[in-house]
Amino acid sequence: MMKIAVYPGSFDPPTLGHLDVIKKASSIFDRVIVSVVENPNKKATFSKKERVRMLKKMTKGFKNVEVDTFKGLLVNYVKKKRANFIIRGLRAVSDFEYEFQMALINKKLNPQAETVWFLPFIEHIYISSSIVKEIAKYKGNISCLVPEEIVEDIRRKFK
């Protein structure tokens, strides 16, 4: 049986922390589907198309990683993709309470899917999409926070 994992997120924008999680997941799972969530409760800075394009640029070297989008319940999307794992990234202890609650409800709704948490590498653990946007907004240096392939995409958005 293939080990298929879905890594959902807003990725608004993707960061080096996200890339760390993708690298780790791609070394463990046969297939990793990085999926941009269409969340009507969040106002995204980057369009869904822009986020997908950035994710594709930064994952082009991974043979077992694909980029997709979805809306609705994650567990329904996981079933549709015939995935058996949900990937989540953790940066801080404060993330864990929410992530733990989500993992439990996802398990209740789809007992076949296991949630697996990954930590970014220590040098990227403090990076968040919000921090990247704040720094980019004020023309700060974001090259140490996001993959080099997407630095210009982000800078362009804030010109």
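All but one of (1) modelled with pLDDT under 95; (2) open to solvent by less than 80 Å² (accessible area, probe 1.4 Å); (3) among the hydroxyl-bearing types (Ser, Thr, Tyr) hold for Tyr98, so report the exception by its number.
(2)
Among the residues of region 30-58, write down those that are in contact (Cβ under 8 Å) with a residue 60 or more places away in the chain and either open to solvent by 60 Å² or more (accessible area, probe 1.4 Å) or assigned to a loop (DSSP other than H, G, I, E, B) (or both).
Result: Thr45, Phe46, Arg53, Lys57.
In region 136-159, what residues are without any contact (Cβ under 8 Å) to a residue 24 or more places away in the chain and part of a helix (DSSP H, G or I)?
Once the filter is applied, which keeps residues that are without any contact (Cβ under 8 Å) to a residue 24 or more places away in the chain and part of a helix (DSSP H, G or I), region 136-159 yields Ala136, Lys137, Glu148, Val151, Glu152, Arg155, Arg156.
Of the conditions (1) touching a strand residue (DSSP E or B) at 6+ places or on another chain (Cβ under 7 Å); (2) crowded, with 16+ Cβ neighbours inside 10 Å; (3) part of a loop (DSSP other than H, G, I, E, B), Arg82 satisfies every one except a single condition; which number is it?
(2)
Just give me the residues in region 59-79 being outside any strand (DSSP E or B), open to solvent by less than 70 Å² (accessible area, probe 1.4 Å) and either touching a helix residue (DSSP H, G or I) at 6+ places or on another chain (Cβ under 6 Å) or among the polar types (S, T, N, Q) (or both), in sequence order.
Thr59, Phe62, Asn64, Val75
Take the conditions in contact with a Phe, Trp or Tyr (Cβ under 8 Å, 6 or more places away or on another chain) and either of a type in the set (Phe, Trp, Tyr) or exposed (fewer than 15 other Cβ atoms within 10 Å of the Cβ) (or both) and apply them to Lys139. Does it pass?
yes
Across region 85-95, which residue is most open to solvent (accessible area, probe 1.4 Å) among those that are in contact with an Asp or Glu (Cβ under 9 Å, 6 or more places away or on another chain) and among the hydrophobic types (A, V, I, L, M, F, W, C)?
Filtering region 85-95 for residues that are in contact with an Asp or Glu (Cβ under 9 Å, 6 or more places away or on another chain) and among the hydrophobic types (A, V, I, L, M, F, W, C), the one most open to solvent (accessible area, probe 1.4 Å) comes out as Phe85.
Consider Lys133 carefully, then state whether it is part of a helix (DSSP H, G or I), open to solvent by 90 Å² or more (accessible area, probe 1.4 Å) and among the charged types (D, E, K, R).
Answer is no for this residue.
The values are calculated or read from the model by the stated rules, or taken from the named source; none is laboratory data. As the structure is a prediction and not an experimental result, all values here were calculated from the model. In this analysis, Cβ positions are derived from the backbone assuming ideal geometry, glycine residues included, and neighbour counts consider all displayed protein chains. Side chains are part of the model used for accessible areas, which takes the heavy atoms of the whole protein and leaves out ligands, DNA and RNA. Shrake-Rupley method; radii C 1.70, N 1.55, O 1.52, S 1.80 Å.
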